[in-house]
Number of protein chains: 2
Amino acid sequence: MKKFINDASAVLADSLKGVAAAHPELRVDLENRVIYRGEATRPGKVALISGGGSGHEPLHGGFVGTGMLDAACAGEVFTSPTPDQMLAATQAVDAGAGVLHIVKNYTGDVLNFEMAAELAEAEGVRVASVVVNDDVAVEDSTWTAGRRGVGTTVLLEKIVGAAAEEGYDLDAVVELAQRVNANGRSMGVALTSCTVPAAGKPTFDLPEDEMEVGVGIHGEPGRHRVPLASAKEIAAMLVDPIVHDFDAGGLAIVMLNGLGGTPLIELYLMYGEVVPLLEAAGVSIERNLVGNYITSLDMAGCSLTVLKADDELLRLWDAPVVTPGLRWGA
Amino acid sequence: MKKFINDASAVLADSLKGVAAAHPELRVDLENRVIYRGEATRPGKVALISGGGSGHEPLHGGFVGTGMLDAACAGEVFTSPTPDQMLAATQAVDAGAGVLHIVKNYTGDVLNFEMAAELAEAEGVRVASVVVNDDVAVEDSTWTAGRRGVGTTVLLEKIVGAAAEEGYDLDAVVELAQRVNANGRSMGVALTSCTVPAAGKPTFDLPEDEMEVGVGIHGEPGRHRVPLASAKEIAAMLVDPIVHDFDAGGLAIVMLNGLGGTPLIELYLMYGEVVPLLEAAGVSIERNLVGNYITSLDMAGCSLTVLKADDELLRLWDAPVVTPGLRWGA
């Protein structure tokens, strides 16, 4: 295992120290492993929290800041954060207007956020949740009942974050979050496994001439393994399952996301291949992201996310955002 | 070789199509392989051009836009662009105030930019050049006489780009660029080789228990190979050669850069390790970047850049920038 680490059991703690040093505008609670905005939530603003296992950076800690999350709870690598972390974050960010929990659909995350919500409500905090389940690859998976939550989470955090900043109340924020989730679909492909530091070896074996189609962001199995294909062929493997899953036509925000070990030159190349396929399916790409936004440690691979959009979603997308991972308009 | 490509000989052309699709605000000349801003240079503004071999993305094309470059010339992977490309770009962006060529110190780049400058001057365009040579690892290397040009290039393009936007004339822009280069130092380390698509196999062999200290961004040999070390030990291998090379004390902008195959969680962890070592050497880190800014295809590794700063440099650093790779303040 070749990684920049000191001790496989201290990767999260050591990495959070670096986040704290790099981003003095954030407040990193190293003990509870929660990343907060530097300033308290504006009174009356709905607060947004997310979190999950680490290893997907910049998700979620890199999306804390003006126009996105108020706090992110970091679990150990590929391990859910605890209800205690989530409760501490929920209580800290509530400014009287309630708190939205943005949860990726993995059983541990769902259960722990549910417990945290109950505990917080018992303390008088209004909490609502949205569970993101946008991965069209498979139904049920290693750690998931139903569909896994992947790339749409990034777009949801941006759009719903902007709505909260604008003053949407908790009910409106929840309605919007559910609408974004319902309109988002993702599909991923891996060329290599990732290596979890505590395991010290690749999560799965993938021969030099094969790829995993429909891989999960923790290396969960996908739909099938196929011989290594050209970028053009892989683009079809990403686009087809999405456009067959729902009516993708119309305005859209599209993300071509790297899984951590794939360089930008290849991500742009893949983006160039998916665009004509999406356009042929009637997708009008109004905005896009190409880069590493929701990763799987050092996995070589990428995922495609298509979010059907409308004027409201595009307006909220364009609103200012100031976070380590996404920044524009301010 | 596991990469998202169609044809090893078409990687650059295919990737530029993706850049064009992802960034409609830029103008990508696919035939000449030059990335331009969408709008013509403002009359009287000094224009900035850079370029070099591809494989270092987002450098340089990802730094074209308001507050940074006016154009970037893309060579084939790890191959200098041609004088023709540079001449076309120079003529296209000149708005009467002259053009600065920002050149990384590799022999092919230096010779080709020199030839382009002569050709452009014969056509009546004022051209000046700065050659970046900030890599403290080695004197002379596979493709370089003297020191290689690496991470300081990113910081220089940002700072000098802001100065040109503010109205500095060509002489002032050149003086500033030389000052930034003189005040910047970098050092890198590789955990794995990169794989050039046209070669189809790793550029060099690096055993599972070894690392290359002082590696170049094309996989050029560094100072020595050592057993794989902890992040804390590697941080010292990055910081020590820099702080022994010049008086690093005082205000600084620091970049902890990923080489393409290393995920963000490890880059933050490394940043957390270099900060106390830099502080112990008297460096006061005023601004920082942590992420992939000047890469070496899919190489696992990182580099550290320390730029001694002053109030002028920090003001120019903070000025608005709108590019695919760096964006803030607008």
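The values are calculated or read from the model by the stated rules, or taken from the named source; none is laboratory data. This is a predicted model, so every value here is computed, not measured. All Cβ positions, glycine included, derive from the backbone under ideal geometry; neighbour counts span all protein chains shown. The area values use the complete protein model at the heavy-atom level, side chains included, leaving out ligands, DNA and RNA. Shrake-Rupley method; radii C 1.70, N 1.55, O 1.52, S 1.80 Å.
Net charge near A:W143, counting Lys/Arg +1 and Asp/Glu -1 over other residues with Cβ under 11 Å of its Cβ? Don't skip to the answer; put the middle values down first.
Values: positive: A:K104, A:R148; negative: A:D109, A:D140, A:E220.
Result for the neighbourhood of A:W143: -1.
Taking the label point 7 Å along Cα→Cβ, A:A8 and its counterparts in the other copies are spaced 3.4 nm apart, in ascending order.
Counting only Cβ charges, +1 for Lys and Arg and -1 for Asp and Glu, the dipole size of segment A:82-230 around its Cα centre is about 340 debye.
Net charge of the neighbourhood of B:G329, taken over other residues with C-beta under 12 Å away and scored Lys/Arg +1, Asp/Glu -1, is +2.
Could you check what % of the DSSP bridge pairs in segment B:184-308 are antiparallel, to the nearest 5? Rounded to the nearest five, the antiparallel share is 70 percent. Legend: distances between Cα atoms for B:K104/B:K308; A:K232/A:K308; A:K2/A:K308; pairs beyond 31 Å are A:K2/A:K308. The accessible surface of segment B:188-240, taken with every protein chain in place and a 1.4 Å probe, is 55 percent carbon and sulfur. When the other protein chains are added to the chain by itself, burial of at least 30 square angstrom of heavy-atom accessible area (probe 1.4 Å, ligands and nucleic acids ignored) affects these residues of segment B:273-290: B:N288.
Bridge orientation summary for the protein assembly as shown: considering DSSP beta bridges with both residues in this region, about 55 percent are antiparallel. Between segment A:149-196 and segment A:271-330, the alpha-carbon centres lie 11 Å apart. When both bridge partners sit in chain A, DSSP labels roughly 55% of those beta bridges antiparallel. Electrostatic tally near B:S284: other residues with Cβ closer than 14 Å to its Cβ, Lys and Arg +1, Asp and Glu -1, net -3. Counting heavy atoms of the protein chains alone, A:W143 has an accessible area of about 120 Å² for a 1.4 Å probe. Rolling a 1.4 Å probe over the protein heavy atoms leaves B:R147 with an accessible area of roughly 50 Å². Shape class for chain B, computed from the alpha carbon gyration tensor (a ≥ b ≥ c): oblate, with a/c not under 1.5 and a/b at or below b/c. When segment A:160-260 is described by a simple charge dipole with +1 on each Lys and Arg Cβ and -1 on each Asp and Glu Cβ, the residue from A:P241, A:N181, A:V226 located farthest towards its positive end is A:V226.
Can you tell me the dipole magnitude for chain B around its Cα centre, using point charges on the Cβ only (Lys, Arg +1; Asp, Glu -1), in Debye to the nearest 20? Before the final figure, lay out the partial values.
Values: 23 positive and 45 negative charges, 107 e Å.
I would put it at about 520 debye.
Structural descriptor for chain A: relative contact order 18 percent, calculated from alpha carbon pairs under 8 angstrom and at least 6 residues apart. The A and B chains share an interface that buries close to 4500 Å² of accessible area, total over both sides, probe 1.4 Å. Among B:D135, B:D205, the sequence by solvent-accessible area, most first, with a 1.4 Å probe is B:D205, B:D135.
Any idea what the relative contact order of segment A:177-258 is, in percent, if you count C-alpha pairs under 8 Å spaced at least 6 apart?
Relative contact order here is 24 percent.
Selection among A:H23, A:G38, A:L111 by position relative to the dipole of segment A:15-182 gives A:H23 as farthest towards the positive end (Cβ unit charges, Cα centre).
Only loop residues by DSSP count here, and only those with at most 16 other Cβ atoms within 10 Å; note down the trypsin sites (Lys or Arg not before Pro) in segment B:210-309 that meet that.
Numbers: sites: B:R223, B:R225, B:K232, B:R287, B:K308; in loops: B:R223.
Loop-located and lightly packed - B:R223.
Quick one: pull the percent of accessible area on segment A:15-182 belonging to carbon and sulfur, 1.4 Å probe, ligands and nucleic acids left out. Of all accessible area on segment A:15-182, carbon and sulfur atoms account for 51 percent. Rolling a 1.4 Å probe over the protein heavy atoms gives the protein assembly as shown an accessible area of 33 Å² per residue. Sorted from closest to farthest, the other copies place their B:D318 label points 2.9 nm away, with each point set 7 Å from Cα along Cα→Cβ.
Tell me the relative contact order for segment A:184-308 as a rounded percent, counting alpha carbon contacts under 8 Å between residues six or more apart. Don't skip to the answer; put the middle values down first.
Numbers: 270 pairs, mean separation 44.9, N = 125.
Answer for segment A:184-308 is 36 percent.
Overall, the protein assembly as shown carries a charge dipole of about 60 debye about its Cα centre when +1 sits on the Cβ of Lys and Arg and -1 on the Cβ of Asp and Glu, all other atoms neutral.
Only helical runs count toward this figure. For chain B, summing -39,500 (n - 2.57) over DSSP H runs of n ≥ 4 and dividing by all residues gives -10500 deg cm²/dmol at 222 nm.
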